[in-house]
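Working notes, beginning with the structure itself.
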Amino acid sequence: MKKTALIIGNSEYENVSKLKNPTNDSFDIKTALEGIGFVVVYDENLSLKKFNKIVKSFSDTAIGSDILFFYYAGHGLQYNGENFLVPVDANIEDSEEISSESINLKTIENRFSNTNSKANIFILDSCRDNPFSNNIKQYAHSRNIIPQINRGLANTTISISESLIAFATSPNEVALDNPNGRNGLFTKSLLKHINKENLTIQEILDLTGKDIVDESGDKQRPWIHNSIFKSKAILNFNKENQVSQIDNEIHLKEIQKLKDELKAKERENRDIDTLELEIKNTLKDMKTTKDIEILEKAKDKLNALNSKIETIQLDSSDSKKYLRDDVLVYTGKANEFNVIKKVQEHKENEEKVQILFTELQKKQSFFSFTNISELEILEEEIEKLINKIKTWKDPGTSLVWQLKIENETFKWDDIQEYADKLNKEKYAGYDDWKIPTIDELTTIMTKESFKNKKSNSGKTYIKKSLLASMNMEYQWFWSSTEFKKNLSQAWRISFYYSFDDYLDKSNNGYVRCVRKG
C-alpha cells in the first residue's frame with residue numbers, strides 16, 4: 001500500500017506574532033505517520049515561494065497513492081468563502097492581498113487531484129484569529145470602507161472525489177491553542193489515536209473529537225466533511241490483527257451453497273414429476289388401446305423415459321444426509337393399473353402386451369421418485385437458520401435487532417435509504433425494518449463493559465448477544481431522533497464510551513436497524 005503525507009508547520013511568522021505549537025504539532029504528526037509506514041515530506045516555517053514549491057514537488061511524488069495525507073498547522077484565513085494558508089513571510093494590509101500573499105486551499109486541491117489517489121485526507125489545525133485584522137481595519141478605515149474580517153476558516157468541501165477534510169474546530173470559530181502544552185488541543189488529541197490499528201480516518205477523528213469536546217468543556221468541536229466511500233482509508237492496517245468478517249458470513253456462504261444445491265435437486269425433482277405424468281399417460285394408453293402400433297409406441301416411450309430417468313442422479317452426499325424416499329412405483333400390477341384385465345380383453349395383442357408387462361416389472365425400480373416435500377421442508381429449515389443468525393431478539397424489550405452491521409458509514413439523511421434497502425431485500429425474511437429511535441438504541445447499551453477481542457481497548461458497552469458484531473473499537477450509531485433544538489443535528493450513541501450525543505447530520509455514522517418482534 002502506498003501511503004504518502006505532506007506535513008507543514010508554520011510558527012516563525014515575520015510580520016505578526018509567532019505561534020508556539022504548530023512546528024511541534026507538525027513534527028509530532030510526521031513522526032507518528034512515519035511510524036505506521038507513511039512516506040512523509042516534511043518542512044516548517046515556509047515562505048510563500050517554498051510553500052508553493054513543496055506542494056508541487058509532493059504532488060509528483062504522491063501519484064497513485066492509496067492514501068494521500070495533508071496536514072497543516074499555522075495561521076489560516078478565510079476570504080470570500082475560501083480558505084487560505086498563511087506562509088511565514090506574508091504581509092497583509094488589505095483583505096484583497098490575502099489571495100496573493102497566502103496559499104489558496106483550492107490550489108492545493110487542484111495539485112492533489114492530479115495524483116489520482118484513492119483517498120485524500122486534509123487536516124487543518126489553523127483555525128485561529130486573523131493576525132492581520134488590525135492592518136486590515138486600519139487600511140479600510142483610511143479608505144472609509146467596511147473591512148472584511150472573519151474568524152477561523154470557512155465552511156467548505158473538497159472538490160476531489162474520495163476526500164475528507166477536518167478543521168480543528170467548527171467553521172467561523174477559533175480553536176484553543178493550549179499555550180502551556182507542547183501541542184495544540186486538536187493535535188494533542190489526534191496524536192493519541194492516529195496510529196491505532198485498523199481504524200479508518202473517520203473513526204480516528206471521532207475519537208479525537210470526543211477527547212476535545214470533553215477537555216474543552218464543549219467549547220471546541222472539530223468539524224469534518226467526509227466523502228470517502230470507495231476506500232476504507234485505514235491509516236495503520238495490521239493484517240494479523242485485522243478484524244475479519246463475522247464468522248456468520250462464512251456460514252452464510254456455506255448455507256447458500258447447500259441451498260443452491262437443494263434448488264438444483266428441486267429442479268431435478270420437477271423434471272421427475274413431468275416424467276411421472278408422462279408415464280401415467282403412457283400406461284393409460286396401454287390400458288385403453290386396441291392398436292398394436294400404439295402399444296409399440298408406448299413401449300418405446302417408456303424405454304426412452306427410463307433412459308432419461310437414469311441420467312438424473314439424486315446425490316445427497318454434499319448435504320451429509322440421505323433423504324428418505326417416498327417410493328411412487330408404477331409397475332403394471334393388476335390391482336393398480338388393471339393391465340392384466342386389458343390384456344385379456346385384447347387376445348390379439350396378448351403376446352406383445354405380456355412382453356411389455358414383463359419389462360415393466362423388471363424396470364419398476366426406475367420409477368421411484370424422491371418426494372419433493374422433504375426437500376421443501378429442509379429448505380425452510382435452512383432459511384430459518386439463515387434468518388436466525390442474521391437477527392437477535394432482545395427478551396427484555398422484544399425488539400428484533402439486525403445482527404450483522406454494514407462496515408460502512410452513512411450521513412444521517414441517508415440512513416432511511418439503508419433501512420428501505422433492507423426491507424426491499426426482505427432482510428432475514430422481514431420487510432418492516434426501521435432506524436431505531438434514541439430510546440430504542442439505548443436499550444442495548446449496558447452500564448457494564450464486556451470483553452471484546454475485536455476491540456483495541458478490549459471492551460464494549462453493549463448487550464452480549466450483539467458483542468460479536470462489534471468489529472471495531474469505536475463505533476457511533478445513528479438514531480432516527482432529531483435534536484429538537486437544532487434540526488440540523490441528530491442523536492447518536494457510542495457503545496465504546498457508553499453515552500449518547502447529538503451531532504450535525506452531515507457527519508458519518510454506522511447503522512443497526514430494528515423491528516418489533
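The values are calculated or read from the model by the stated rules, or taken from the named source; none is laboratory data. Owing to the predicted nature of the structure, the values given are computational and were not obtained by experimental measurement. Note: ideal-geometry Cβ built from the backbone for every residue, glycine included; neighbour counts use all protein chains shown.
Things to note:
- Unmet criterion (only one of (1) surrounded by fewer than 17 Cβ atoms within 10 Å (Cβ to Cβ); (2) among the hydroxyl-bearing types (Ser, Thr, Tyr); (3) modelled with pLDDT of 80 or more) for Ser480: (1)
- Against the conditions (1) under 37 Å from the mean Cα position of the chain (by Cα); (2) at pLDDT below 95, Ser102 satisfies every one except (1).
- Qualifying position, being in a helix (DSSP H, G or I), surrounded by 17 or more Cβ atoms within 10 Å (Cβ to Cβ) and in the same structural domain as Lys192 (by TED's automatic domain parsing), among Glu96, Glu109, Glu34: Glu109
- For region 1-25, a tally of residues being among the basic types (Lys, Arg), farther than 19 Å from Lys188 by Cα and touching a residue at least 12 places away in the same chain (Cβ under 8 Å) returns 2.
- Top-ranked residue of region 46-87 - restricted to ones that are part of a loop (DSSP other than H, G, I, E, B) and touching a Pro at 6+ places or on another chain (Cβ under 9 Å), ranked as surrounded by the fewest Cβ atoms within 10 Å (Cβ to Cβ): Ser47
- Note on region 168-192: residues that are at pLDDT 95 or above and in contact with a Leu (Cβ under 6 Å, 6 or more places away or on another chain) amount to 0.
- Meets criteria (out of contact with any strand residue (DSSP E or B) (no Cβ under 6 Å at 6 or more places or on another chain) and either outside the structural domain of Thr169 (by TED's automatic domain parsing) or at pLDDT below 95 (or both)) for Val55: no
- Yes/no for Leu19 being of a type outside the set (Val, Ile, Thr), in the same structural domain as Gly152 (by TED's automatic domain parsing), buried (at least 16 other Cβ atoms within 10 Å of the Cβ) and touching a strand residue (DSSP E or B) at 6+ places or on another chain (Cβ under 7 Å): no
- Which listed residue is in the same structural domain as Gly76 (by TED's automatic domain parsing), touching a strand residue (DSSP E or B) at 6+ places or on another chain (Cβ under 7 Å), in a loop (DSSP other than H, G, I, E, B) and not hydroxyl-bearing (Ser, Thr, Tyr), from Asn198, Asn183, Asn172, Asn155: Asn198
- In region 389-423, the residue that is modelled with the highest pLDDT out of those that are over 30 Å from His225 (Cα atoms) and exposed (fewer than 13 other Cβ atoms within 10 Å of the Cβ) is Ser398.
- In region 437-461, residue modelled with the highest pLDDT [restricted to those that are touching a helix residue (DSSP H, G or I) at 6+ places or on another chain (Cβ under 9 Å) and in a loop (DSSP other than H, G, I, E, B)]: Ile444
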